Amino acid sequence: MQRPYILMALPCYNEAENLPDLLKGFESLNFRYGSVFEVKVIVIDDCSKDNTTEVLKNLNLDLDFKVVRHEVNKNLMGGINTAFNIFHENMSDPCPAVGYALMDGDNTHSPFHLIEMLPKIYQGFDVVVASRYRPGSRVCGVSWWRQILSFAVAVMFRVLRNVQGVWDYSCGYRLYSPRIVKEIKTRLPGDVVKEKSFACMVEILVKLSIVGAKCTEVPMLLRYDQKLGESKMEFRKTILGTFKQLLTLWKVRV
């Protein structure tokens with residue numbers, strides 16, 4: 001009899017330096033908690049220009065993982081859409097997942113937060129966000145101005161379009177219930193998100209809320225200091241991306 005499992009999708013671009021340690025984290029999680037549940041991983045490689053493909057092929061891990069590669073770069077939007085298509089297909093499997101998860105592929109999030117997130121799905125929640133703004137959360141390796149900006153934006157999100165139970169609208173680490181995946185794919189059988197930037201994380205959260213998702217959060221430890229390679233954070237892009245996320249709140253419809 002198959003153990004309950006979470007199907008985790010990791011959209012990534014040029015994360016060859018970070019993926020091995022992240023996948024080892026999932027291996028450790030399964031080793032310690034495999035009697036309760038396990039995690040199966042799908043790496044969505046968004047046409048990386050580094051040696052991501054070769055690195056993943058050479059990994060020797062006791063972990064059920066596979067790689068789906070985009071032949072052209074589709075941005076985070078494409079990764080999210082591919083993930084939800086895979087999730088929806090998995091629901092017709094004889095042994096479907098008990099939850100569907102997304103996480104950044106840069107090793108800044110801990111797989112072990114799933115231990116706290118999965119019980120929320122069993123309690124009836126549809127979206128569980130690993131949040132930077134819950135008591136017990138910690139952020140390492142992020143400048144003070146980004147933390148202040150992020151919290152200010154979180155407050156504006158709540159004022160402009162409140163998603164009950166959520167403070168962190170943009171974090172990519174989330175666990176979704178099978179029910180809400182089926183509901184959003186029934187409403188939107190094509191692409192579930194249209195925004196190309198990180199605004200797509202706001203977009204999908206609001207859309208799920210519109211179709212009746214019950215949302216909650218758990219505290220998280222964000223370890224940006226663990227990320228290897230060139231940072232993708234730039235002041236100008238961060239500011240522009242923030243305004244785009246705010247604009248997305250007004251446009252989202254299902």
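Would it be correct to say that Asn60 is on the phi > 0 side of the Ramachandran plot and either of a type in the set (A, V, I, L, M) or assigned to a loop (DSSP other than H, G, I, E, B) (or both)? When the stated conditions are applied, Asn60 does not pass them.
Considered as a group, the residues in the range 125-151 that are touching a helix residue (DSSP H, G or I) at 6+ places or on another chain (Cβ under 9 Å) and in a helix (DSSP H, G or I) include one that is farthest from Ser177 (Cα to Cα), and that residue is Trp145. In summary, Cys47 fulfils each of the numbered conditions (1) more than 20 Å from Tyr173 (Cβ to Cβ); (2) under 14 Å from the mean Cα position of the chain (by Cα) with the single exception of condition (2). Picking from residues in the range 6-32 that are buried (at least 19 other Cβ atoms within 10 Å of the Cβ) and out of contact with any Leu (no Cβ under 9 Å at 6 or more places or on another chain), the one that is farthest from Ala101 (Cα to Cα) is Asn14.
When the range 118-151 is filtered for residues that are of a type in the set (A, V, I, L, M) and closer than 14 Å to Gly172 by Cα, the ones remaining, listed by number, are Val127, Val128, Val129, Ala130. Here's a check for you: in the range 152-168, which residue that is in a helix (DSSP H, G or I) and β-branched (Val, Ile, Thr) is farthest from Val139 (Cα to Cα)? The selected residue is Val159.
Restricting attention to the range 29-50, the residues that are of a type outside the set (A, V, I, L, M) and in contact with a helix residue (DSSP H, G or I) (Cβ under 8 Å, 6 or more places away or on another chain) total 5. Checked against the criterion of being in contact with a Ser or Thr (Cβ under 8 Å, 6 or more places away or on another chain) and not in a helix (DSSP H, G or I), the candidates Ala101, Ala9, Ala97 yield just one match: Ala9. In the set (1) within 29 Å of Pro189 (Cα to Cα); (2) out of contact with any Asp or Glu (no Cβ under 8 Å at 6 or more places or on another chain); (3) assigned to a loop (DSSP other than H, G, I, E, B); (4) in contact (Cβ under 8 Å) with a residue 12 or more places away in the chain, Ile86 fails one condition alone, (3).
What do you reckon, is Gly190 at pLDDT 85 or above, among the small types (Gly, Ala, Ser) and surrounded by fewer than 18 Cβ atoms within 10 Å (Cβ to Cβ)? It is true that Gly190 is at pLDDT 85 or above, among the small types (Gly, Ala, Ser) and surrounded by fewer than 18 Cβ atoms within 10 Å (Cβ to Cβ). Scanning the range 59-106 for residues being buried (at least 23 other Cβ atoms within 10 Å of the Cβ), more than 15 Å from Val192 (Cα to Cα) and either small (Gly, Ala, Ser) or more than 12 Å from the chain's Cα centre (by Cα) (or both) gives a total of 3. The single condition from (1) farther than 23 Å from Ala213 by Cα; (2) among the hydroxyl-bearing types (Ser, Thr, Tyr); (3) touching a residue at least 24 places away in the same chain (Cβ under 8 Å) that Tyr133 fails is (1).
Summed over the range 177-194, the residues that are β-branched (Val, Ile, Thr) and in contact with a His (Cβ under 7 Å, 6 or more places away or on another chain) give a count of 1.
The values are calculated or read from the model by the stated rules, or taken from the named source; none is laboratory data. Being a predicted model, the structure only gives us computed values, none of them experimental. Methodologically, a virtual Cβ is constructed for each residue, glycine included, from the backbone with ideal geometry; neighbour enumeration extends over all protein chains shown.
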